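Here is the structure we will look at, set down as structure tokens.
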Amino acid sequence: MSIRRARALRRIDAILTADLRPEAAYPLRARLGRASLAAADWLDQERPALSPDDAAAIAAKISTLKSTSRRIMQPSEPFDSVWQAQWHEVLELLTDLRNRMTPVG
């Protein structure tokens with residue numbers, strides 16, 4: 001497994017397994033930004049080895065993750081209604097991205 005893949009997966013896992021108490025909201029926002037950057041870094045390295053369709057699908061997931069993270073990283077109260085509504089989307093995106101990044105077999 002490449003170092004970039006391992007870093008991205010570790011950062012994604014740190015979010016997926018995090019305690020979702022309200023006081024954890026701000027650190028999770030920072031982790032989310034780092035995870036999306038690590039996934040983009042991995043994609044830059046792996047793009048030649050992926051099919052064009054897979055690369056495009058992964059790039060779209062990362063783009064959506066980045067835009068969603070920018071919205072929910074705005075200053076607000078922890079776990080306000082915007083955060084709660086969009087956090088479910090973030091978890092789904094991260095889970096799908098993780099599955100796409102994990103080699104089969």
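The values are calculated or read from the model by the stated rules, or taken from the named source; none is laboratory data. Quick caveat, the model's predicted, so the values are computed rather than measured. Cβ: placed from backbone, ideal geometry, glycine included. Neighbour counts: every protein chain shown.
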Expected output for the range 40-53 (first residue on the phi < 0 side of the Ramachandran plot, partner among the β-branched types (Val, Ile, Thr) and surrounded by 12 or more Cβ atoms within 10 Å (Cβ to Cβ), Cβ below 7 Å, 6+ apart or cross-chain) is ALA40/ILE62; LEU43/ILE58; LEU43/ILE62
Of the residues in the range 2-30, those that are modelled with pLDDT of 85 or more and aliphatic (A, V, I, L, M) come to ILE3, ALA6, ALA8, LEU9, ILE12, ALA14, ILE15, LEU16, ALA18
